[in-house]
Amino acid sequence: MLSLRGPAVGDLKDPRMLQKQSPVRPSLIVHRRVVGTEASLDLLCGEVCAELVNSVEGMQDLRTEAFPFEDGVKGSLVVFDFSVKHGAHVRQFQALRLDGPVLTSLTLTVDAVTLNDKAKENYFKALASTRAPSATNATIPTL
Amino acid sequence: MSIRIGNTMPRPILNDAPQAREHMVKKFGGDVRGSTVPCPVLSVLLNENLLTPDKDGNVSVDQLKSAFTKLGITPLVQHGLVKGGTSAIEGNSKSQTLNMFKLMGSSLDHKGSLGPLQDGGFNQKHLDQLLSCSKDGKTLTLEDLSTAQQMRMKQEGGGLRDRLIGQAEIAALLLVFGKPNADGKKAVKIEDVVSIFKDNKLPADFAKQDVGALGLVWNMGKMAFMQLTTAAGRAEAGLAKALESPQRLDASAMKGLGAAMCPAGMRPKGGVGVNAQEVGKLHLAMQN
């Protein structure tokens, strides 16, 4: 498992707002584990969703969508928002890809308020650059 | 039949009213408070007559230490348990007695425990939920117990302190009662779990094993890491990192703590006062 964080962000999103605003620092957690070959990616994705529903308090807008990786592998993306607490609106993306028996999970956590189409495109491009673990030139995606 | 791959969670089972434990009430001379002892290990010790409380529910610290010795709990861990227990329950770490009736509702009675003995009696649904976490259907490994704790933490909304107390309890349970399963992993057999939680009896083939502080901390660390690597654990870790809030004690931190507690003084090859063979023996607990 590898954990990365984006640069620290300023304290205020909008200095004109008087209520508490918590800065959200983007983070990425990359995790790989051997899950065997009995389950399809769809089943694994369903299990991830079930686990998140059972475990994440106040989760909102859980949805899944197909996520194509750059090397042609078809992946899945789980998206949800955490409940708004302490003035922070946090969105999480969990991108999954299955290479043989190895499941790679990329957990990207970002500020839902400041996330725009351009930033989202950049994030997805970085996530999609993930390679199969057996590749000789395997790389870790960067933001 | 449900298919579960890796350490994902089964569907949680909702709370149900607990049943009074008649055999425990009898042990306390008909006092219904006997049913409320929430700790499975203490319940076993009481039911097996290794602890003999007075009519007010007090057991002596000496008797408690003696009973722990019979379970294989080493003196250092015994000392920590007794001091922590007397301090939390009697308000004085030098107290020479510990009251079994005060365990429920004390500061040691935490959220997110495995559940079968909480709420003043035995709860079959919590036991069923715990057993449903077994991947092989025969034993509960550290990973299974870790999943069970995560489900209970979610159900009861426990915090970091609750999680740590729970992890220590689970690690101790596994070290005292666990044996290698078919995959070679240390695990508690399903029938032994039922025996401990429902009947409050020692497993039929119980054999004492050394339960030291190092093994305890190491297993807590492994469990913390397992919880961190589930989808829910990563979700929680991602949120904590994004908000720069305090993060859960993870495997690296626990490994550091384990190294700090190393009985060989962090000398893996031995050195003054300890040879390599002795170091190997001291570190054996970390392999289980």
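The values are calculated or read from the model by the stated rules, or taken from the named source; none is laboratory data. On a predicted model such as this, the values are computed, not experimentally measured, just so you know. Cβ placement follows ideal geometry from the backbone for every residue including glycine, while neighbour counts extend to all protein chains displayed.
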Exercise. Among A:58, A:46, which is within 12 Å of another protein chain (Cβ to nearest Cβ), under 25 Å from residue B:155 (Cβ atoms) and surrounded by fewer than 13 Cβ atoms within 10 Å (Cβ to Cβ)?
Worked result: A:58
Seminar exercise, completed: When the stretch B:181-200 is checked residue by residue, the ones that are among the charged types (D, E, K, R) and out of contact with any helix residue (DSSP H, G or I) (no Cβ under 9 Å at 6 or more places or on another chain) are B:183, B:191
Problem set entry | Filter result for the condition that a residue is touching a strand residue (DSSP E or B) at 6+ places or on another chain (Cβ under 7 Å), in contact (Cβ under 8 Å) with a residue 40 or more places away in the chain, crowded, with 17+ Cβ neighbours inside 10 Å and closer than 19 Å to residue B:198 by Cβ, over B:113, B:134 | B:134
Exercise. Restricting the search to the stretch A:29-43, which residues are without any contact (Cβ under 8 Å) to a residue 24 or more places away in the chain and surrounded by fewer than 19 Cβ atoms within 10 Å (Cβ to Cβ)?
Worked result: A:38, A:43
Seminar exercise, completed: In the set B:258, B:270, B:215, B:265, the lone residue that is at pLDDT below 70, away from chain A (no Cβ under 14 Å) and crowded, with 16+ Cβ neighbours inside 10 Å is B:258
For this session: Scan the stretch B:137-170 for residues that are away from chain A (no Cβ under 14 Å), in a helix (DSSP H, G or I) and in contact with a strand residue (DSSP E or B) (Cβ under 9 Å, 6 or more places away or on another chain) and jot them down.
Result: B:142, B:144, B:145
For this session: Pull up the stretch A:62-100, narrow it to residues that are charged (D, E, K, R) and within 14 Å of another protein chain (Cβ to nearest Cβ), then point me to the one that is nearest to residue A:114 (Cα to Cα).
Result: A:91
For this session: Report the residue count in the stretch B:59-71 for those that are in contact (Cβ under 8 Å) with a residue 40 or more places away in the chain and buried (at least 17 other Cβ atoms within 10 Å of the Cβ).
Result: 2
For this session: Report whether or not residue B:86 is crowded, with 17+ Cβ neighbours inside 10 Å, in contact with a Cys (Cβ under 7 Å, 6 or more places away or on another chain), assigned to a helix (DSSP H, G or I) and of a type in the set (S, T, N, Q).
Result: no
